[in-house]
Each structure stands twice: as structure tokens, then as C-alpha cells.
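Scroll down for the structure; my scribbles are underneath it.
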Amino acid sequence: METFESERAPLPRNMIENSMFEEEPDVVDLAKESPSYHIDSDDVTYEPRSSRLLVRGLGENDMDEDEEDYESSARLLGMSFMNRSSSQRSAASSYTCQQPSRSCSTLSTKTTAVGVLILVLVVSMFMVIYFVPSCTFTKKGCQKSNSSMGSIYPISTSGELFPWTDLRLPLSVHPVHYNISLHPDLNSMTFQGNVSIVVKVLHETKNIILHSSDMNIIKVTFEDKEYRFLEYKPWQQIAIKFPEDLKKGQYVLKISYKANLSNSYDGFYNSSYVDTAGTKRVLAATQFEPLAARKAFPCFDEPAFKSTFVVKMTRDAKYISLSNMPKIKTTDLNENGLQEDEFESSVKMSTYLVAFIVAEFSSHSKNVSKTTVSVYAVPDKKDQVHYALETACKLLVFYNRFFEIDYPLSKLDLVAIPDFLAGAMENWGLITFRETTLLVGNQSSPFDKQLVTSVIAHELAHQWFGNLVTMRWWNDLWLNEGFATYMQYMSIENVFSNLDIDIEFLNVRFKALAKDALNSSHPVSAFVSTPEQVEEMFDSVSYEKGASILLMLNATLRDGEFRKGVIEYLQNYNLSNTESKDLWNSLSQVSKQSLNVSEMMNTWTVHKGFPLVTVKRSGTQVTLSQEHFLLNAENGTDDSSLWHIPLTYVNDSCSVLRSCKQVFHLKDKADSLQLPGQVKWLKFNFRSDGFYIVHYDEQGWSDLISALKVDVNVLPSEDKAALINNIFALSRLGKVSFRQVLNLMEYIRNETETAPLTEALSQLGQIYRLLDKRSDLNLASRMTTYIKDHFGSLMESQSYEVETSVSKMTLRSALLETACALKGPNCTTQARHLFDQWLASNKTLQIPSDLMRTVFKVAAQTDEGWSELLDSYKHSIYDTEKRKMLEALASTQDVRKIIWILQKSLDGSEIQNQEFPLVIHTVCRDFAGYLYAWDFMKENWEKITQKFPVGSFAIQSIITSTTSQFSTKTHLTEVQNFFSSLGAKGSQMRIVQEAIETIKQNMRWMEKNLKTLQIWL
Ligand SMILES: [Zn+2]
């Protein structure tokens, strides 16, 4: 194994178009977290497959501690009270008014200036006193701050005052066009760059402020005259100061610089892999979203500063280069065989979408509409690109038609990067992917193809939502991500109905509810300013809740209105930037049914959480009320939150067809509804299209349960899954007794549909795991019996042959992984048999892909099986299989092997470092590993946070995996003490709050329900 990984610098907090690096969530089983309402603090662990489409931050800016401190002190001086939203910027700028800027107001008198200065100093001192304890993240506690406290302005690298005091750039100067020339040297891993920016001065100013990070700037010229520049590293800004005001007009700013190809996974970074001949190959690629374009070229690195770009790339003749646009020419430079590629001028776009790659790749292409679609991969894997090519072409045709705006470029490249931390990134015309999210072998089943299809569908949707129309600022990231997530499900349902994506989308909605039920959640559209806040937006709320509320809106509007509004929105804001309200206004305009879309949707985007709707029926009179569903209400609940809920319901006379659905808009805290006639029962939230949980009175629940016991098909499968999901959630909230939960579960013996069965298994699995981890062997074994009793016959009836229905494969994998985890003799025998056959065939036999992980996990429990799997892991070129092998390896119960695999994945020597979160998660599933994993994390905290920075998604995953199964006071104290020991910020991380909330929730649930379990299980 290549050791390159272990040498990587701390990972930047870059864009991760999916989080599949730490979970394999296809199967709901007892040995893993479930895609549902949780006792656990969700996230990583049991994300359903599609949650892999999350773009997540994986790390933070790779600042060293000093820099962090520097930034802290800078923040104390200015940012913390100056950097508010743009609407507040005028106030901020008034403290700093030296140049006409974004919003500089006049400060005419000296007295005012002095007054303000004093005020600022007083506030600064107060903040210093107040915030100093939170200045670092290390065990060493608070480092000395090397602050520049004497001034309002930050101190630039040269020691001079830096003339700008805001993280956001001034609006006085706009970029119009960039010419970027780059020459990466893949031997020295450095690059040289020249950027020429045509800028437009909109307001007279003495300064041009732009972004630049980690580069050595050699020369700055403005209108061909050389200028000095100032740099303020903590904010990654440079300033060019002019003696006189620049008049309004257009100018050319040129900057030449040198830099290292980044060792982290963002900016212009170097990547490497070992080919099948054992030779190390290198390449250079980019990952800019959200804040890393500034690491590759000095630029105005905010999404609203759209511009056109021409890229020129100098490279060795053996490599190819790619960029957003088609190549127009290649010039021989006659210097050591160097060549220069020049690309067409781009469409107007944001800096985070610029991309370029220099590598040895092979490709296959196809023309569709007016676009040449190509899929690139390393030569060894060139046969694995065909599925992606076909899929991308089909989806491009779909989106062209759906949006009524053709994809505007003449080419679209999809590239599998061997060493890529993100899942995928939607760079305009040059989409980059992890190999696992783009490549599939010829023998892959639809089960494996579902992931690749989902990621491609998501990224293609971004070519319109994100690229063509972009959020103005990162607070509305959900406009990009919620929409792309929603469109990915909608397009797949239309184009690839065989992939049964609806089950996946349902799981995603359950997962979003689970996340949003915690006090540590946040509103869909939230204020962000600092880089950390920007990166924290790449989470389940922006993606999954965003997609869920769009589904709810589409289901509420009349047929075709949603699409019409979207088309209108795209046409109105083509090539520009928007805020949430722009989308709502476009949709309001086409809504013929007098639904005020803005009024309704604002209630879903401005505050965190979602409503619990309580239904009480007395004859034909139905009383409805809403409240905030908050699992840990003790932490303070916002009772004033009210949602405009488009409540849907069906009754016993018509309950399956879409035409049965009736709607009632609940806008107040309570309301009532008069039914036209008598009904036997009511079921609210038809097909679980709405983002809320429903609670019935005792009679309401009984009526529904009785109806299901009589006829299992009385409701659509989504409704049955939602009943199960909701009743477990309500039991956690203390609204229903566990006895009532078990009462509903009695119907499951007759159930055959995937969604309710996998939801039930996942919910029971969570409880089983808690009991197991408490060493409550008696109850755990009774739970095992309960599960076998309720699911045993289905488990026994599963075949081990190749299956083609994704829905059936999803169900079979969940059932059999559970059966094998519970040591069901038939399951383990069959699994061993399949593994032996696989070995006998020299590993060429095709194990059904949905059974592969189960089979490997059973095999990994013996020394021989484990060694065989390790050997295969090292040599396989099929990433989907490799990940299943890795999970099997990490599922061993042998402590020596557990230690080995944790260490190897942490040091990155034999197992890729990026897989550490997946490894620790898998280890934590079973009793043998989970306490050890917690200790391992504590002992290796410093090392882990060097590789995966504090606050990063990887760290979140690691913390969730190691803590979410604790349910005792001792463990709560242990977790609290450990994170407190990291300093104030350690315990202030959102994920730590989540972890503590989750443990408390587990404790409360156990306290309340242990007795019931003893009686009823
Ligand atoms: Zn995305």
C-alpha cells in the first residue's frame, strides 16, 4: 500500500459530495445504525445509501495552532461583532471607513471616530475577557494570543495595517474576466501561476481586496505598473493599496505566484495511486467548494462574484489536461517536451466551480443533444466507465427537457479521481467523483448501480441548480443542495424506475427528521459568516431536510406548478445569484390555487426543527394541534414556533390511491376539521410526503393498528413505514408507551414490503444494540428471540441466488445481515458456503452484491477468512467490493485484529487513511470493539485531529460512532469529561452537543422502558 496517504496534511474542510466514506448503509441490520429515528445521534453511522450524496465538510482550514490563535485574536478584534450579514455590513464598515467600500458610510468628524474607536476597544476588551477560553482546540488549552489588539484593523504579514476588516469582500470592485495560466510540476509537486483579472471599479476606492491563500506572490501589477500588496493570512485576503482613489472603470490586475500543490484534498492538490503493475502514478486535480479556489489562484472567492474564465495549462506531454470548457488548442513549448493547452472562455460562473486536472486518464465519449459527454478514469479502470456514460447521457436528456433550458456547454466530463476525499463535485463541465461513486464493473448489480446513478443525478442537477443559478451567499446553500438532492430522486424515479429509489428517499426523510429533532440542529437557511460556519452548512439539514421540504411543497402544489415555477426561476435568474425568497416568489407566481408559497415555506426555513401534529377525533370532529418536536425539551424549547403545515390525510374508505388524499392547512397552534361523514380511522401525512410527525389519541392508534392487523395492504408501504418510524419516535419523546409500540409491531408478521420491514428492523436493532452494550444479556437475548419470532420466517424464506429487484435486494440484505449477526444457523451456513465457493473459484464467482457484505462478515470471523479478505482488499480494482471487504475485516471479534485495523487505518499504511471513520464505525457496532474504540479515540485524539481536523465531518462521524451507544450515567460523565478536557471549544462542537444529547436520550429511554421490556418482550 502506498504511504502517500499517511503523509497528508490535515484535511481541509472541503466539499464532500457524499459521505459514503464512513458508512455502508445499504442494509439495515442489528449490527449497525439504522436510517431512521434514532436513539443514536444519527449522522454517519446509519445514513441510508442516498445520504452519501451529502456534500460534507471533512476538515477545517489547515491552519496551525498559531494561526488559529491568530485568527481568534483577529476575531476578537473585529469579526465577532463586525461580520454580520451583508445587511449589517454598513454598520461594520463605519468603523473602518477609509475607502469607499461595500457600504462605507461617512465618518466625518474626528470626534465620532474617536468615540467609535473607544467603543470598539471597550467591546473588544469585553470580548477578549469573555471569549479567550475558547481560543484553541487543543488539549493544551488556550494558547497565548499574539493579538494585534491595539487596532481596529488587522495587522498584515508585513506588520502594516491591513485596510479591510471584514471576512466578506468589499463590493467596490468586481471581477469581470480571469485569464489563468498554470504550470504544475508533478515531480516537485509545485506550480507556477499567472492570473490576469479584468476588474470593474464600481465605487471609487483606494484598495482592491481579494482572496489568496498558501501562495508565494511574486509580482503584482495594475495597469502594467507594479504595486506592493498586503496580506492578512487568517482571512486569506490580500490588499493592493493605491495612493489615489481609483475612478470607476475597467482595469487589469495581474498577479504572478508560486505555490505547492496542496497535500490536503482541496485547492489545486496532488493525488496519487499505484497502478496494477505496482507503479506509483501522480496527478493534480482541484476541489474548490466552498473556499479553496483562493488556494489555486488569487480571486474574488465568493459565489456572487461571477465572472468568465480562460484557463491555460502547461504540462508534460505524457499527461492530458482538462478544465471546465473544451480545449481549443495545444501549443508545443519546445521546452523539455512541454505543451500548453488552452481552453475556451467559460460561461459566467462562481469561482468555486472552476476546475482543472492534469493526469494520465483514459476516456469514453458519446454525443447527446448538443453535448459530448465523456467519462474519464485511470487506464486500469477504463472498462468501468460505461455505465456512468450511459447514465449521464440519459439524465442529461431528462434535465434538458425538464428544465426547458439546455445544458449550455458543448462538453460534459465526468472524472473518477483515485485519491479524492469528496464523493463528487459539480464543477461546471468537469464533474469530479470518487472512483466508488462513478465506476462500476460489468458484473455490478442494480443494487450497486443505485449509488452511482444517484451521485450522477445529483451532480447533473447542480449544472442548473448551483451552476446556472447560484445562491448569493452560503447561508442559502440549501438552494443548491436541497434542490440537487430532491432532483436526484425525482429524476431517477422518472428515468430509472428499476432502481426503486423511492425507498431510499423515504429513508432520507426519516434520517432528516431524526437529525432535526435534536436541539443542536439549525434552520435550513441560517446566518453564516466564518469559514467554519460556511462549512458546517454542508450537512443533513441543507441536503436532506432541504429535499424533504421541496417534496412537501411539490406534493402540495397542483400538478405541473412546481416544475413551472422552477423553470421560471431558472429563466429569471439565469447566470446570476439568488436567495430563498426568489425561489418562493417564482413558485408563488405560478401557483394558481392562491397558496402563498413564501408564507408557507418561510415557516420551514427560518427556524430549526419540525412540528409534531396531534390528532384527536370524536366522531366526525377532528381536533388538530402542533408543537415543536424536540427530543430533549429540557434544553429549552421554542414554544412559539409555528409551521404552516399542508396536512394530508386519508381514511378507511379510500386510502391507497393518490386521488384519496385530502388536504387541510394547519397554520395555527390548534384548529379543527369537520369530516363529511363517519370514518373507521384516519391516517395523516399521506405517503409521508410531509416533514412532520403525527401522534393520534389512544383510540386513533388502536383503530389504525386494528385495520393493519385485518388487512396489511390497507395503506401504502410509505405510510406503514412512517407509522413505525413515528411511533418509535413518539416513544422516545414519551408520548406513547413501549407497549403501544409493540402492539403496532404485531402486524409486521404479515408484512412483506421492504420499507416497513427495514424500518422495523432498524428501530428494533437500535434497541437491541443498546441492551447489548449495557451487557443486559437477558433482555438482549429476549430481543433476539422477539426479532426471530417476528422476522424468522421471512429470513428463512430468502434465497441466496442472484436477485434483480433492488427492493427485494434491499430487504434481503437487511434480513440476512440481521440473521447472520444473530448467528442464525441457516444464514451463517449459507454464507460460509458461498464464501468457500468464491475461494474455490479463485475469487471469480459472483456473490450476489446485496449479500456480499454479509458473506464476507461471516467469513472474517475465522483467521483464514480474514487473511483471504485482507489479501483481496489489497489487490481488488473494484472499489465497491473493496469497501465491503474492509467492513468485513473491521467486523472481526478478535481484539488483536481490531487493534491492528484501527492502527493501520489511522496511520494510512495498509488501509487508506480516509477509511478510518468507516473502520472505527464498523468496529463500534459490536461489543468486542466498541469500548476499545472509545479508548482508542481518546488516546489517539491528537493524532486523529491532525489527520481529521476538529469539527470536520470525519471527526463528527468518529465521535458519533464511539458515543452513540452509551446509555449510562458513567459513560455520560466519561464523555463529558473527555470533551471538557479539550477546552471550551471541545464541548462547544455541535457534534459533541449531539453526542451528549443522544446519551441522555438513551438513558431516559432505558429508565422509562426497561420495565416494559422486561414484561412485554
Ligand atoms: Zn450537491
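Details
- LEU451 being aliphatic (A, V, I, L, M), at pLDDT below 95 and assigned to a helix (DSSP H, G or I): yes
- Entry remark, region 381-411: residues being under 26 Å from GLN914 (Cα atoms), surrounded by fewer than 20 Cβ atoms within 10 Å (Cβ to Cβ) and of a type in the set (S, T, N, Q) number 0 in total.
- Answer from GLU881, GLU803 - the residue that is acidic (Asp, Glu), modelled with pLDDT under 95 and not in a helix (DSSP H, G or I): GLU803
- The set of residues from region 247-261 being in contact (Cβ under 8 Å) with a residue 60 or more places away in the chain and open to solvent by 20 Å² or more (accessible area, probe 1.4 Å) comprises GLN250, LYS254, SER256, LYS258, ASN260.
- LYS667 closer than 21 Å to ASP711 by Cβ and not hydrophobic (A, V, I, L, M, F, W, C): no
- Among (1) within 16 Å of the ligand (Cβ to nearest atom); (2) closer than 23 Å to VAL375 by Cβ, the one test that TYR486 misses: (2)
- Flag for THR614 being part of a strand (DSSP E or B) and open to solvent by 40 Å² or more (accessible area, probe 1.4 Å): no
- Lone unmet requirement of (1) away from the ligand (no atom under 12 Å from the Cβ); (2) in contact (Cβ under 8 Å) with a residue 24 or more places away in the chain; (3) among the acidic types (Asp, Glu) for GLU493: (2)
- Any chance LEU414 is assigned to a strand (DSSP E or B), within 15 Å of the ligand (Cβ to nearest atom), more than 27 Å from VAL524 (Cα to Cα) and open to solvent by less than 10 Å² (accessible area, probe 1.4 Å): yes
- Residue match in region 429-448 (condition: charged (D, E, K, R), touching a residue at least 24 places away in the same chain (Cβ under 8 Å) and either within 11 Å of the ligand (Cβ to nearest atom) or within 17 Å of SER580 (Cβ to Cβ) (or both)): no
- Selection from region 455-477 of residues that are of a type outside the set (A, V, I, L, M, F, W, C), within 11 Å of the ligand (Cβ to nearest atom) and assigned to a helix (DSSP H, G or I): HIS458, GLU459, HIS462
- Listing of strands (runs of 3 or more DSSP E) fully contained in region 638-723 that carry 3 or more residues being surrounded by 19 or more Cβ atoms within 10 Å (Cβ to Cβ) and modelled with pLDDT of 95 or more: 645-651, 682-684, 693-696
- Checklist (1) at pLDDT 90 or above; (2) more than 30 Å from ASN743 (Cα to Cα); (3) open to solvent by 30 Å² or more (accessible area, probe 1.4 Å) applied to GLN946, failing item: (1)
- Among (1) farther than 22 Å from ALA995 by Cβ; (2) open to solvent by less than 20 Å² (accessible area, probe 1.4 Å); (3) modelled with pLDDT of 90 or more; (4) of a type outside the set (Ser, Thr, Tyr), the one test that VAL528 misses: (3)
- Residue in region 532-547 that is away from the ligand (no atom under 16 Å from the Cβ) and either among the polar types (S, T, N, Q) or assigned to a loop (DSSP other than H, G, I, E, B) (or both) present: yes
- Among the criteria (1) open to solvent by 10 Å² or more (accessible area, probe 1.4 Å); (2) within 26 Å of LEU816 (Cα to Cα); (3) assigned to a helix (DSSP H, G or I), the one ASN842 does not fulfil is (3).
- Any hit, region 497-517, residues being away from the ligand (no atom under 16 Å from the Cβ), outside any helix (DSSP H, G or I) and open to solvent by 20 Å² or more (accessible area, probe 1.4 Å): yes
- Top-ranked residue of region 565-581 - restricted to ones that are of a type outside the set (S, T, N, Q) and under 26 Å from TYR692 (Cβ atoms), ranked as most open to solvent (accessible area, probe 1.4 Å): LYS581
- Considering the conditions (1) surrounded by 19 or more Cβ atoms within 10 Å (Cβ to Cβ); (2) under 23 Å from ASN270 (Cα atoms); (3) touching a Lys or Arg at 6+ places or on another chain (Cβ under 6 Å), ASN216 is excluded by exactly one of them, (1).
- Residue tally, condition acidic (Asp, Glu) and within 36 Å of the chain's Cα centre (by Cα), over region 670-725: 3
- Residue in region 476-492 that is farther than 21 Å from LEU583 by Cα and either open to solvent by 10 Å² or more (accessible area, probe 1.4 Å) or touching a His at 6+ places or on another chain (Cβ under 8 Å) (or both) present: no
- If the condition is being closer than 22 Å to SER181 by Cβ and of a type in the set (Phe, Trp, Tyr), then region 236-295 contributes TYR251, TYR257, PHE268, TYR269, PHE288.
The values are calculated or read from the model by the stated rules, or taken from the named source; none is laboratory data. The structure displayed is predicted, hence computed values, not measured ones. So basically every Cβ, Gly included, is an ideal-geometry build from the backbone, and we count neighbours across all protein chains shown. Areas reflect the complete protein model, heavy atoms only, side chains present, ligands, DNA and RNA absent. Shrake-Rupley method; radii C 1.70, N 1.55, O 1.52, S 1.80 Å.
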